[in-house]
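One structure is given here, and the rest of the page talks about it.
Read-outs: derived from the displayed coordinates by stated rules, not from any lab. Just so it is clear, the model here is predicted, and its values are computed rather than measured. All Cβ positions, even for glycine, are placed from backbone atoms using ideal geometry, and neighbour counts span all protein chains on display.
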Amino acid sequence: MSKAAEGAAPMVRARNVHKSFGPNEVLKGIDLDVAPGEVVVVLGPSGSGKSTFLRCINHLESIQRGFIEVDGEQIGYALRGNRLNRLSDHAIAVQRRKIGMVFQQFNLYPHMTALENVVEAPIGVHGQPRGEAQAYAMELLARVGLAEKANAYPRQLSGGQQQRVAIARALAIRPKLMLFDEPTSALDPELVGEVLSVMRDLARQGLTMIVVTHEIGFAREAADRVVFMDGGVVVEQGPPQAVLGNPQHPRTRLFLSRFIEKV
Amino acid sequence: MAAASVEIGSGEAALRDVANAHQPPAWGRWLLWAFVLAVAANFAWIAAHNPHFGWPIVGQWFTEASILRGLGVTLGLTVVAMTLGTALGLVLAIARMSKDRLFGSLSGLFIWFFRGTPLLVQLIFWYNLSTLFPEIVLKIPFGPVLASWNTNDLITPMTAAIAGLSLNEAAYMAEIIRGGLLSVDKGQVEATDAFGMTRARALRRVIIPQAMRSIVPPTGNQLISMIKATSLVSVIAMADLLYSVQNVYNRTFEVIPMLMVAVIWYLIITSILNVVQGFIERYYARGERGTGGADKAPVRVEEPA
Ligand SMILES: Nc1ncnc2c1ncn2[C@@H]1O[C@H](COP(=O)(O)OP(=O)(O)O)[C@@H](O)[C@H]1O
Ligand SMILES: [Mg+2]
């Protein structure tokens with residue numbers, strides 16, 4: 001069911017990823033491949049390590065075992081002959097520049113207008129000329145339905161509007177991969193739809209996306225693959241009809257049963 | 001029930017409409033105002049008619065050349081020491097917050113020492129540095145000498161004053177700035193990291209502008225303390241404002257009028273600074289709810305240069 005051509009090099013390749021915070025082992029050996037253009041939705045109970053895994057992909061957290069590759073490059077490390085060297089902070093920053101991220105709490109820059117938020121990285125990090133960056137930013141704001149709010153500050157926008165600006169901001173760097181960490185969990189229920197509809201459009205346009213969410217409906221419609229995580233491991237994965245319609249693992253069944261009344 | 005009675009007639013509904021409400025006169029407040037103003041006016045009257053204040057003498061000396069030179073020294077020292085102190089304070093704050101143990105402890109040591117000793121003592125030390133170290137030498141530890149200076153040539157009252165004031169200020173500003181940086185939401189740092197911004201750019205564009213909201217008010221405080229702290233440099237023979245008025249009253253014995261000259265000048269400077277601080281605070285409060293116009297401001301896309 002994957003949109004990606006069979007045999008294409010994966011956009012993300014995670015192998016045996018382990019991560020601990022002190023004595024607390026949060027990721028206990030995650031293996032995951034994401035093909036270019038694929039939309040993977042990660043489900044799982046709170047505390048199962050979903051956010052941590054997402055943050056390891058762009059090295060906001062470092063991992064203790066295994067490796068993660070994005071677009072053919074190992075994140076955070078480089079192989080020199082037979083030696084694996086840790087990369088400098090600057091080299092890691094450079095690796096992150098092709099990965100867009102959308103946060104649960106939006107994390108827009110509150111002292112900048114929507115437009116300034118969107119052009120900040122393209123101009124300041126990617127060195128695009130201001131005019132070009134602003135034109136593309138306006139195009140993106142229009143795409144998320146907020147062209148007329150370009151000069152509004154984040155606090156003058158609703159949560160749904162802020163999150164759509166945050167999505168435009170992440171798209172502005174023309175990312176090869178987009179990470180969404182519970183993008184609708186901080187929103188009032190009536191605002192969830194507008195954000196999900198923007199994300200559905202992106203999925204249709206072939207952007208590679210990893211989405212952590214509790215929106216089962218979104219997973220069913222937009223995902224190429226659903227990954228169910230619990231206790232720091234991938235318990236079950238597959239096409240949405242299979243994982244959501246006919247879960248094999250008891251923990252998946254238990255988790256999904258809590259959403260039955262919601263969907 | 002009141003709610004029920006409102007619905008009885010439209011006449012009463014109009015009467016109860018808060019849009020038509022009046023503010024009853026607050027006689028108590030007016031009385032208090034009148035009393036406070038009367039007391040203030042009385043004080044002003046007494047001060048103006050008390051010959052010991054020597055207002056004609058104040059007027060005569062207020063803009064006298066040596067006083068204005070002293071004022072210039074006070075302002076110049078304040079600006080230079082505050083600028084250097086803030087710049088060094090920023091470096092110290094960033095060093096103290098860095099994950100690097102070495103930078104963190106060095107910065108902590110600096111702050112501990114310069115906040116922990118009296119400014120007056122620091123000034124005297126700097127001024128008398130040549131008795132401790134007759135020569136200042138730049139060399140590789142246990143290695144060859146790269147350059148050397150005679151301390152007496154380097155340390156004039158001016159350089160001693162600048163060094164003493166700005167190093168002391170840096171220690172205080174470091175803590176103010178660190179507090180400001182800590183007040184910024186962690187999600188902001190995370191966003192700059194996720195976008196691959198360099199540390200320096202993240203600080204300049206995202207973190208510091210937000211930290212300014214909590215940095216500016218205590219910095220205003222520091223600046224005003226600094227203006228008055230510069231008067232300490234009179235002990236190392238720097239001719240600042242206070243030193244200049246002392247110079248005059250040591251000859252004329254008009255102590256109170258001359259001190260009034262200094263007091264009025266200090267008050268004028270602080271008043272101006274208060275106004276400026278208000279503007280700066282409003283600038284950094286942009287993006288707060290209720291400021292700026294989302295709907296009023298037209299969308300403006302700059303043309304490529
Ligand atoms: N920075 C951190 N320091 C210590 N523990 C953390 C940190 N971040 C997450 N954890 C722990 O890791 C576990 C998984 O967290 P998280 O990845 O946020 O789960 P999820 O996103 O699936 O709800 C939780 O037990 C949480 O307490
Ligand atoms: Mg989470």
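Ellipticity at 222 nm from helices only: DSSP H runs of n ≥ 4 in the protein assembly as shown, each -39500 (n - 2.57), divided by the residue count, give -16500 deg cm²/dmol.
Beyond 15 Å, what share of the Cα-Cα pairs of the stretch B:141-220 is found? Please give it as a whole percent. Numbers along the way, then the final one.
On the way: 2197 of 3160 pairs.
Result: 70 percent of Cα pairs exceed 15 Å.
As a rough footprinting exposure proxy, the listed residues B:TRP27, B:TRP126, B:TRP33 were ranked by other beta carbons within 10 Å of their own, and the order from fewest upward is B:TRP27, B:TRP33, B:TRP126.
Counting, for every residue in A:93-105, the Cβ atoms of other protein chains within 10 Å of its Cβ and taking the mean gives 3. By other beta-carbon atoms within 10 Å, ranking B:THR156, A:THR52 with the fewest at the front produces B:THR156, A:THR52. By the beta-carbon count within 10 Å of each Cβ, the least crowded to most crowded order of B:PHE53, B:PHE142, fewest first, is B:PHE142, B:PHE53.
Could you work out how much longer the chain between B:PHE253 and B:MET97 gets when fully extended? Use 0.36 nm per residue separation minus the Cα distance between them, nm to one decimal. Walk me through the intermediate numbers first.
Working: separation 156, 0.36 × 156 = 56.16 nm, distance 5.27 nm.
The span from B:PHE253 to B:MET97 would gain 50.9 nm if fully extended.
From the mean inverse distance of alpha carbon pairs (Kirkwood) and the Cα radius of gyration, derive Rg over Rh for the protein assembly as shown. Please report the intermediate quantities before stating the final value.
Numbers: Rg = 32.7 Å, Rh = 29.4 Å.
Looking at the protein assembly as shown, the ratio lands at 1.11.
Exactly which GluC sites (Glu not before Pro) in the stretch B:5-78 are in a DSSP loop and have at most 10 other Cβ atoms within 10 Å? Kindly include the intermediate steps, with their values, before the conclusion.
Numbers: sites: B:GLU7, B:GLU12, B:GLU64; in loops: B:GLU7, B:GLU64.
For GluC sites (Glu not before Pro) across the stretch B:5-78 that sit outside H, G, I, E and B with at most 10 neighbouring Cβ atoms in 10 Å, the list reads B:GLU7.
Net charge around A:VAL26, counting only other residues with Cβ within less than 14 Å of its Cβ (Lys, Arg = +1; Asp, Glu = -1)?
On the way: positive: A:LYS19, A:LYS28, A:LYS50, A:ARG55, A:ARG65; negative: A:GLU25, A:GLU61, A:ASP230.
Around A:VAL26, the charge tally is +2.
If you count Lys pairs in chain A whose Cα atoms are under 16 Å apart, skipping same-chain pairs closer than 8 places in sequence, the total is 5.
The Cα-based radius of gyration and maximum Cα-Cα distance (Dmax) for chain A are 18.4, 55 Å. A simple spin-label model places the labels of B:THR198 and B:ASN50 6.0 nm from each other, with each point 7 Å out along Cα-to-Cβ. The share of Cα pairs per 10 Å bin across the stretch A:32-101, counted from zero up to the longest distance, runs 17, 50, 27, 6, 0 percent.
Annotation for the stretch A:62-125 versus the stretch B:225-293: alpha-carbon center distance of 48 Å. Computed from the Cβ-Cβ distance with R0 of 60 Å, the FRET efficiency linking B:GLU12 to A:ARG200 stands at 0.65. For chain A, excluding the exposed loop sites themselves (trypsin sites (Lys or Arg not before Pro), DSSP loop, at most 13 other Cβ atoms within 10 Å), the longest remaining stretch covers A:1-257.
Shape analysis of the stretch A:134-219 yields a ratio of the Cα radius of gyration to the Kirkwood radius, Rg/Rh, of 0.94.
The mean number of Cβ atoms from other chains found within 10 Å of a Cβ in peptide A:120-131 is 4, as a whole number. Using Cβ point charges alone (K and R +1, D and E -1), the dipole size of the protein assembly as shown about the Cα centre works out to roughly 1020 debye.
Lys and Arg at +1, Asp and Glu at -1: add these up for the other residues within a Cβ distance under 12 Å of A:VAL212 and post the number.
Details: positive: A:LYS50, A:ARG55; negative: A:ASP181, A:GLU182, A:GLU215.
Net charge in that neighbourhood comes out at -1.
Along chain B, the longest continuous region that contains none of the trypsin sites (Lys or Arg not before Pro) in a DSSP loop with at most 15 other C-beta atoms within 10 Å is B:100-285. The distance between label points at A:HIS18 and B:TRP27 comes to 8.3 nm (points 7 Å beyond Cα on the Cα→Cβ vector). Other residues lying with their Cβ under 11 Å from the Cβ of A:PRO250 contribute a combined charge of 0, Lys and Arg counting +1, Asp and Glu -1.
Taking all pairs of distinct Cα atoms, average 1/r, flip it, and tell me the Kirkwood hydrodynamic radius of the stretch B:1-98 in Å to one decimal place.
Numbers: mean 1/r = 0.0466 Å⁻¹.
For the stretch B:1-98, the Kirkwood estimate is 21.5 Å.
Computed from label points 7 Å out along Cα-Cβ, the spacing between B:LEU138 and A:ARG65 is 5.3 nm.
Note: the stretch A:170-234, Cα convex hull, 109 Å³ per residue.
Placing a label point 7 Å from the Cα of A:SER185 along the Cα-to-Cβ direction, the residues of the stretch A:100-115 with a backbone N closer than 17 Å are A:101-108.
Taking every residue in B:195-207 and counting other chain Cβ atoms within 10 Å of its Cβ, the average works out to 6.
Listed by number, the DSSP H helices of chain B that run 30 Å or longer by alpha-carbon position along their axis and have mean Kyte hydropathy of at least 1.0 are B:27-49, B:65-97, B:255-284.
Suppose R0 equals 25 Å. What FRET efficiency, 1/(1 + (r/R0)^6) with r the Cβ-Cβ distance, do B:GLU281 and B:GLU190 give to the nearest 0.05?
Values: r = 27 Å, r/R0 = 1.08.
With R0 = 25 Å, the Cβ-Cβ based efficiency is 0.40.
I'd like to know which of A:THR252, A:MET229, A:GLN156 lies farthest towards the positive end of the charge dipole of the stretch A:149-263, counting +1 on Cβ of Lys and Arg and -1 on Cβ of Asp and Glu. My answer, from the dipole projection, is A:GLN156. Kirkwood radius and radius of gyration were both taken over the C-alpha atoms of the stretch B:126-273, and their ratio Rg/Rh is 1.13.
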